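Below is one structure, written out as structure tokens; the observations come after it.
The values are calculated or read from the model by the stated rules, or taken from the named source; none is laboratory data. What you are looking at is a predicted structure, and each value in this text was computed from that prediction instead of being measured. Every residue, glycine among them, receives a Cβ derived from its backbone with ideal geometry; neighbour counts consider all protein chains shown. In case anyone asks, the SASA skips ligands and DNA or RNA and just uses the protein heavy atoms, side chains included. Shrake-Rupley method; radii C 1.70, N 1.55, O 1.52, S 1.80 Å.
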Amino acid sequence: MDSVNDPSEAAQGLVVGVDSGGSGLRIALAEATSGTVLDTLASREPVRTGPGGISAAHFLEQVLPAVHALRERAVPDSLGSRPVLAVAVGAAGMATLGDELRAELPGAFAEAWGVRRLALAADAVTAYAGALGQRPGAVVAGGTGMIALGTDLVSWRRADGWGHLLGDCGSGAWIGRAGLEAAMRAHDGRRGGSAALLARAEKLFGPIAGLPGVLYPRTDRPAVLASFAPEVGECAAGDPVAADVLARAAGHVADAAEAVCPADPGALVALTGGLFKMGDPLLVPLRAALGERIPHARTVAPAGDPLAGAVTLASALATGILRLPEDPSLLRLFGDAAAEAAASAQVGGGAEAPDESGSGHGDRT
């Protein structure tokens, strides 16, 4: 087996990072050693799912031509001579719907580019790698839903992400539902109601008595609920009920971060996703809740997004410095990467790597 740490090979090599989600695909071509992104492409067509889960054929139909185009645009004079050393794919649903990808992508990438190192990750892992790189800590990804992921670089811990009926506590859907409940209470004359939220709900959805008929048949119910979360945020400054909804949401998010954050002093916590663009109405109580629950941890701004995280993983694979732990459902390694991880586990740990992620991003507080 060729060395995974050949400096001359890595210096000439390229890596590919892919971020696949409900809004489509994003693909990056980057330098192997530095992780510097040369170019990106995006598709607004989400990868289809079928009986076998996420469709490997549809994924490859989009990714293979895109990478060819990226190589031609970014390195036209050396097309075909600079090898693709590693690929990392982060996909929503990878844990439960990724069997077809795990079965077919290693062979397809090996045939297309001779790739010997591949990582297939849940999108929460690439969100983590984008936000914190390869350092111990916790990342909370919040949007319509909410999930927290943490690692001490030995194993992963997950909290929530169970969907709007069983969890996603503190998420956009949770905030929107709590705000609409307060509107319904005001309509009924029950305690805990908010006239301000009732007025905003009727402006957005029409007469409040008709809201169940509008909401319940929708297949995109979580997104509809989350669409009301900004209204709660805008009411919070002058409405104590709305402010209480956000304070409770902050507590739920902090609970999830506490559940996954390593106990070691100096652990980092990052918040990523559209939920936290709500700003101070949510972030002020959230910072206070984090300070109470995990005072040993330091909150930092995320260094990058999930696509940057996929590039970080691919670059670490190409240069033999991957520190994030392999996991059957969260992060699977294939080819030389899997062999190296197995050998590392047998000797009780991997090689020491720099504190920085290798993605070119430092701490930003």
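Points worth noting:
- Solvent-accessible area of Ile321 with every protein chain in place, 1.4 Å probe, in Å² to the nearest 10: 60 Å²
- For the chain, the longest principal axis of the Cα atoms and the long axis of helix 306-319 meet at an angle of about 20 degrees.
- For q = 0.23 Å⁻¹, Debye-computed log10 I/I(0) when each Cα of the stretch 113-185 counts as one equal scatterer: -0.99
- D_trans [Stokes-Einstein, Kirkwood Rh over alpha-carbon pairs] for the chain, 4 °C, 1.567 mPa s, µm² s⁻¹: 60 µm²/s
- The 3J(HN,Hα) values that the Karplus relation (6.51, -1.76, 1.60; θ = phi - 60°) gives for the stretch 153-170 are, in residue order, 6, 10, 8, 9, 10, 10, 9, 6, x, 9, x, 6, 8, 10, x, 6, 5, x Hz. Gly and Pro appear as x.
- In this rough spin-label picture, where each label sits 7 Å from Cα along the Cβ direction, the Ala237-Leu38 distance is 4.8 nm.
- Heavy-atom surface of the chain, accessible at 1.4 Å and reported per residue (Å²): 44 Å²
- Cα gyration tensor shape for the stretch 44-196, rounded if a/c is under 1.5, else prolate or oblate: prolate
- Nitroxide proxy distance, nm - points 7 Å out along Cα→Cβ at Ala259 and Ala301: 3.0 nm
- What you get for the chain, charging only the Cβ of Lys and Arg (+1) and of Asp and Glu (-1), is a dipole of about 980 debye around the Cα centre.
- Estimated FRET transfer efficiency (Arg221, Glu72; beta-carbon r; R0 51 Å; 0.05): 0.75
- With Cα atoms, 0 to 90° folded angle of helix 280-293 axis to the chain main axis: 70 degrees
- Rounded to the nearest 5, the antiparallel percentage of DSSP beta bridges internal to the chain is 60%.
- Mean separation of Cα contacts under 8 Å (6+ apart) over length of the stretch 46-167, as relative contact order %: 19 percent
- Crossing angle, helix 56-74 versus the chain [Cα axis fit, 0-90 degrees, rounded to tens]: 70 degrees
- Gyration tensor verdict on the stretch 89-150 (Cα atoms; rounded if a/c is under 1.5, prolate if a/b is larger than b/c, oblate otherwise): oblate
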